[in-house]
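What follows is a set of notes on a single structure, which appears directly below.
The values are calculated or read from the model by the stated rules, or taken from the named source; none is laboratory data. A quick note: this is a predicted structure, and the numbers were derived from the prediction, not measured. As a convention, Cβ positions derive from the backbone with ideal geometry for all residues, glycine included, and neighbour counts pool all protein chains shown.
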Amino acid sequence: MIDSQHPLAVQTTGHTWDGDIQEFNNLIPKYWLRGFYATIVFSVCYWLLYPAWPIGRDYTKGILNQINYHSEETTVRTHWNSRALLLHTLQEDTSRRREYLQKIASTPFAEIAENAELMAFSYALAKRLFGDNCVSCHDGNIGFGANLFAARWKEGTGFGQIEQAIINSHKSKKVVSSDTPTIPSWKNRLSLSEIKALTIYIHQIGRLGNVPP
Amino acid sequence: MKHQRIETNTTLLLVLTLLVVSIGGLVEIVPLFFIDRTIETVQGVRPYFPLELLGRDLYQREGCYLCHSQMIRPLREEWMRYGHYSLAAESQYDHPFQWGSRRIGPDLARMGGKYSNAWHLQHLVAPRSIVPTSRMPNYPWLKNNLLSYEDITAHLQALADTGVPYSGNQAEYEANVIRFGEKVATKLDISHARENLITQAESGNYDGDHSHLTEMDALIAYLQMLGTLVDFSKYDESYFVQFR
């Protein structure tokens, strides 16, 4: 409400509570107001670039159209899409990790065992995988599966046999025999290179009795 | 109108507040009802069988969703640890979904078939006997409580009313046979809910104890089917990308 007697003083909202309580109507700080306008401008830009508004039975896709991924021999280019981004990341992974995984998958066990570099990678990979998937049952204190830390492989147990044990669904000996076979089929969850890395790791820990340094 | 009028009139304030607050929900949720590709077309997803359904209810009752999520995101780290990202289709029959919002414990979306029934039994009763550093509480009563399933038929009926394809008559049953195959369709029949529940509990023997049908049976049955319905090896990854 304009106070005509003091036009340059901070104005009040015009309302009076309880006889004499009034509220100043200060202007919103400039920095705050500019920030607010900036967010509006930002959101309009965002709508243009990324998928944003529903229209009919579809939605606007945005003009940021730059994710490529491979599908059956061709390269598909699509709007911004987190699934496409993931696929792109997995396919275009030219990192050394992918290189090592491929090497492990294609190299026979005996050769991997002699290659220090591959062994180092394999060990790091298998340690994590073992922790995520195996140790819940195959630790000495738990007893659902064989204690792989004390496996003491028979003379001549090869990597191949351990690999087969991982791939085939294995029955725990400790449970009631009518337990349904919902025991892990690792072939469905792990890739070949992962299974091979685990095979080497399990062979190692069985001999050593604990996790290698 | 002047803000003063809104602030001093309760009804007006209430109505206008409700309107403003609904905008967010309306804009984000309602359009999805009309966008067909929200739910992927994929084979294998089916409603829960009666025993699994009660297991799911126990999951909610015990508050598992407070620490465990069931939504694997399309991120590389999650792909490596948990497996294929969760599809919208996989939770289309959930009322409500159990996506969760925290991972104090690991994501459970693809827990099915990862560990044995006996493992789940011991882990639920005493988590620290398996993972010494676990922060998960003990749930020993699940093993002792008998499963209460007198209202399972009404339960399936209620879900059918909300659109979950449990069959209540011959026509619906036949539609289910076409859609899910006969083996699955028989277990989705509402009139045979009790029998199906008991049969699954007996043949599955989830808690390792044949003498009683316990809450543990139901919960483990539920956990062991999570994430197992879709066979991803049948699909090229680019197929799912198209839905977004």
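Let's see how each residue does on (1) closer than 25 Å to A:C137 by Cα; (2) in a loop (DSSP other than H, G, I, E, B); (3) modelled with pLDDT of 90 or more:
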| residue | (1), (2), (3) |
| --- | --- |
| B:Q4 | no, no, no |
| B:S22 | no, no, yes |
| B:R46 | no, yes, yes |
| B:R110 | yes, yes, yes |
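A single entry from B:A185, B:A218 fulfils the requirement of being hydrophobic (A, V, I, L, M, F, W, C), touching a strand residue (DSSP E or B) at 6+ places or on another chain (Cβ under 9 Å), away from chain A (no Cβ under 13 Å) and surrounded by 15 or more Cβ atoms within 10 Å (Cβ to Cβ): B:A185. If only residues of segment A:57-109 that are facing chain B (nearest Cβ under 9 Å) and of a type in the set (G, A, S) are counted, the one that is surrounded by the most Cβ atoms within 10 Å (Cβ to Cβ) is A:A84. Screening B:A171 on (1) loosely packed, with under 14 Cβ neighbours inside 10 Å; (2) of a type in the set (A, V, I, L, M, F, W, C); (3) touching a His at 6+ places or on another chain (Cβ under 9 Å) shows it passes everything except condition (3). Just one of (1) within 12 Å of chain A (Cβ to nearest Cβ); (2) of a type in the set (G, A, S); (3) touching a helix residue (DSSP H, G or I) at 6+ places or on another chain (Cβ under 9 Å) fails for B:S191. It is (1).
No other residue among B:Q224, B:Q242 is facing chain A (nearest Cβ under 10 Å), of a type outside the set (D, E, K, R), touching a residue at least 12 places away in the same chain (Cβ under 8 Å) and surrounded by fewer than 17 Cβ atoms within 10 Å (Cβ to Cβ) apart from B:Q242.
In segment B:145-175, how many residues are under 30 Å from B:D207 (Cα atoms) and either touching a residue at least 24 places away in the same chain (Cβ under 8 Å) or not acidic (D, E) (or both)? So the answer is 18. Within segment B:106-120, the set of residues being among the aliphatic types (A, V, I, L, M) and within 9 Å of chain A (Cβ to nearest Cβ) comprises just one member, B:A118.
Among the residues of segment A:189-203, the ones that are within 14 Å of another protein chain (Cβ to nearest Cβ) and more than 15 Å from A:Y100 (Cα to Cα) come to 2 in all. Beta carbons closer than 7 Å, at least 6 apart along the sequence or on distinct chains, pair a first residue in segment B:1-18 that is within 16 Å of A:T16 (Cβ to Cβ) with a second that is outside any helix (DSSP H, G or I) and at pLDDT below 95 for B:Q4/A:H15.
For (1) modelled with pLDDT of 90 or more; (2) more than 26 Å from B:P31 (Cβ to Cβ); (3) under 33 Å from the mean Cα position of the chain (by Cα); (4) not in a loop (DSSP other than H, G, I, E, B), each residue gets a yes or a no:
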site	(1), (2), (3), (4)
A:E23	no, yes, no, yes
A:S43	yes, no, yes, yes
A:W47	yes, no, yes, yes
A:H70	no, yes, yes, yes
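The single condition among (1) within 14 Å of chain A (Cβ to nearest Cβ); (2) farther than 15 Å from B:G55 by Cβ that B:L124 does not satisfy is (2). Is it the case that segment B:59-72 has a residue that's within 14 Å of chain A (Cβ to nearest Cβ), on the phi < 0 side of the Ramachandran plot, over 11 Å from the mean Cα position of the chain (by Cα) and not in a helix (DSSP H, G or I)? Yes, some residue in segment B:59-72 is within 14 Å of chain A (Cβ to nearest Cβ), on the phi < 0 side of the Ramachandran plot, over 11 Å from the mean Cα position of the chain (by Cα) and not in a helix (DSSP H, G or I). Pairing each residue of segment A:113-139 that is in contact (Cβ under 8 Å) with a residue 12 or more places away in the chain with any residue that is among the acidic types (D, E), provided the two are 6+ apart or on different chains, yields C-beta distances under 6 Å for A:L129/A:E194.
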